[in-house]
Amino acid sequence: MSQGTLFDKVWDAHTVGILPSGQTQLFIGLHLIHEVTSPQAFAMLRDRGLTVLYPERTVATVDHIVPTEERSRPFADTLAEEMMQSLEASTAEFGIRFYNIGSGSQGIVHVIAPEMGLTQPGMTIACGDSHTSTHGAFGAIAFGIGTSQVRDVLASQTLALAKLKVRKIEINGTLRPGVYAKDVILHIIRKLGVKGGVGYAYEYAGTTIEAMSMEERMTICNMSIEGGARCGYINPDEVTFAYLKDREFVPKEDKWQEAVQWWQSLRSDRDAEYDDVVVFNAEEIAPTVTWGITPGQGIGVDEALPAIERLPEGERAIAQEAYKYMQLTPGTPLQGTQVDVCFIGSCTNGRISDLREAAKFAEGRKVATGVKAFIVPGSERVKQQAEAEGLDTIFQNAGFEWREPGCSMCLAMNPDKLQGDWISASSSNRNFKGRQGSATGRTLLMSPAMVVAAAVSGKVADVRELI
Ligand code: SF4
């Protein structure tokens, strides 16, 4: 076992060899696939007469294109139906496990793999989706990959990658009421920038992270990619092991203890050397909302929008572009801005703990007139659990729509789309221009609790006032 950070240990353990390019050929323990980035990869495989090398290490689900209201087949959208049929055919042809709609385990790929215990510490994981970094919450090294790399992993179970530097991001202290993991990661990206992590893996540490549940840790790691980092991870600990114990794909009985010992040995050593260390104080973090067109353009909800001249020079042009697109004015408060749509869901914040927290604020309140508000559970299991707890009733009584699992309006590759220049208060992870289905649609990223605060007041609001 090599010494150093968890990243070094996992990387070394999965290194097949060093390629002439200087890149590492890295073995991938788990390959997650979905309907959007896999059809072309399977086609390339067939063109070259190749097969899937390790179908048992490949797991498929359908999430991006799934309608969240009417899921009967064929889908009304013929392109979505084609993608669906293509994935069904490819998984059957190559013997790949597929969690289809109605299987009881379908959902957003980054939600279902952890909930089944497919995601485990020390693994290398790849998926044709940027937010694969989510799985790092378990102490896995997880990369989002492009379509040609999906082909490579299907055919060889390996990836050619340059080794990353490691930045330790330490967050210490207790989060104030109304402040969540989403606020922590938005704050980190605001401070370090959307390109701050380029060339790095982010290791999140410190007492704030240690006190977080696995679902909160997933929210943090999920958005590593928005800070420019190729992956993000957290050292596995008792919280990780308690979450994983007895899930269907984790080792059982004697093998469980062996696995825990192995996972513990992967933790970054106390004297591990990092390429960079950054420290944050949790008590300084407020409920955070993005106002612009990158996830780094965020402010505390009680702050005024930044004046262009007060921003670092390198950020001024994009800020100007953002103000124009978002139709907002520097120096004015963001709080009080009217919203049209409120969306809770996505691989960042569509898990059961997100819905429980949101329901606490929705209970006994009503969605403001004229606001379209909807909840999209991250998976069929999340939906079932939420319904068993009566959360669906709480949301529906408050005027939220209760939907079927999928990516929904995170990316809007399905019927859930903004219209015109609607403003959306969204628990998702990207606020790029046009991200939520309208070329002029505007997205404000925030925590699920803050989305409820926006829904019931009809405008950007401070959730702390509802506590
Ligand atoms: S919820 Fe959004 S970010 Fe997550 S996998 Fe789906 S489209 Fe990608």
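Bear in mind that the values in this text are calculations on the coordinates, not laboratory data. Quick caveat: nothing in here was measured; it's all calculated off a predicted structure. Positions of Cβ are backbone-derived with ideal geometry, glycine not excepted, and every protein chain shown enters the neighbour counts.
The table below gives the values:
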{"read-out": "Answer residue from the range 406-452, given it is surrounded by 24 or more Cβ atoms within 10 Å (Cβ to Cβ) and β-branched (Val, Ile, Thr) and is farthest from the chain's Cα centre (by Cα) among those", "value": "Val452"}
{"read-out": "Residue among Thr134, Thr124 that alone is touching a His at 6+ places or on another chain (Cβ under 9 Å), in contact (Cβ under 8 Å) with a residue 12 or more places away in the chain and away from the ligand (no atom under 14 Å from the Cβ)", "value": "Thr124"}
{"read-out": "Total residues in the range 317-365, condition away from the ligand (no atom under 16 Å from the Cβ), in a loop (DSSP other than H, G, I, E, B) and in contact (Cβ under 8 Å) with a residue 40 or more places away in the chain", "value": "8"}
{"read-out": "Among (1) in contact with a strand residue (DSSP E or B) (Cβ under 9 Å, 6 or more places away or on another chain); (2) more than 16 Å from the ligand (Cβ to nearest atom); (3) farther than 25 Å from Arg270 by Cα - the single one Val166 does not satisfy", "value": "(3)"}
{"read-out": "Members of the range 90-104 that are at negative phi and either in a strand (DSSP E or B) or more than 16 Å from the ligand (Cβ to nearest atom) (or both)", "value": "Ser90, Thr91, Ala92, Glu93, Phe94, Ile96, Arg97, Phe98, Tyr99, Asn100, Ser103"}
{"read-out": "Residues satisfying the stated conditions in the range 251-306, i.e. under 23 Å from the mean Cα position of the chain (by Cα) and without any contact (Cβ under 8 Å) to a residue 24 or more places away in the chain", "value": "Gly300"}
{"read-out": "The range 297-353, residues that are surrounded by 21 or more Cβ atoms within 10 Å (Cβ to Cβ) and among the hydroxyl-bearing types (Ser, Thr, Tyr)", "value": "Thr337, Ser346, Thr348"}
{"read-out": "Residue ID - farthest from Asp129 (Cα to Cα), chosen from residues in the range 64-81 that are free of Cβ contacts under 8 Å to residues at least 40 places away in the same chain and surrounded by 14 or more Cβ atoms within 10 Å (Cβ to Cβ)", "value": "Phe75"}
{"read-out": "Subset of the range 216-233 (residues that are closer than 22 Å to Asp269 by Cα and in contact with a Leu (Cβ under 9 Å, 6 or more places away or on another chain))", "value": "Ala229, Arg230, Cys231, Tyr233"}
{"read-out": "Condition check for Val52: away from the ligand (no atom under 16 Å from the Cβ), in a loop (DSSP other than H, G, I, E, B), buried (at least 22 other Cβ atoms within 10 Å of the Cβ) and in contact (Cβ under 8 Å) with a residue 60 or more places away in the chain", "value": "yes"}
{"read-out": "Test result for Val36, over 22 Å from Pro405 (Cβ atoms) and either in a loop (DSSP other than H, G, I, E, B) or among the aromatic types (Phe, Trp, Tyr) (or both)", "value": "no"}
{"read-out": "Qualifying positions in the range 156-171 - hydrophobic (A, V, I, L, M, F, W, C) and either part of a loop (DSSP other than H, G, I, E, B) or surrounded by fewer than 17 Cβ atoms within 10 Å (Cβ to Cβ) (or both)", "value": "Ala160, Ala162, Leu164"}
{"read-out": "Set Ala160, Ala142: member being away from the ligand (no atom under 16 Å from the Cβ) and not aromatic (Phe, Trp, Tyr)", "value": "Ala160"}
{"read-out": "Spans of helices (runs of 4 or more DSSP H) in the range 172-261 with at least 1 residues under 15 Å from Phe280 (Cβ atoms)", "value": "181-192, 207-210, 214-222"}
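Residue-by-condition table, conditions (1) hydrophobic (A, V, I, L, M, F, W, C); (2) surrounded by fewer than 22 Cβ atoms within 10 Å (Cβ to Cβ):
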{"position": "Val194", "(1), (2)": "yes, yes"}
{"position": "Tyr200", "(1), (2)": "no, no"}
{"position": "Glu216", "(1), (2)": "no, no"}
{"position": "Glu226", "(1), (2)": "no, no"}
{"position": "Asn235", "(1), (2)": "no, yes"}
{"position": "Glu238", "(1), (2)": "no, yes"}
{"position": "Phe249", "(1), (2)": "yes, yes"}
{"position": "Lys252", "(1), (2)": "no, yes"}
{"position": "Ser265", "(1), (2)": "no, yes"}
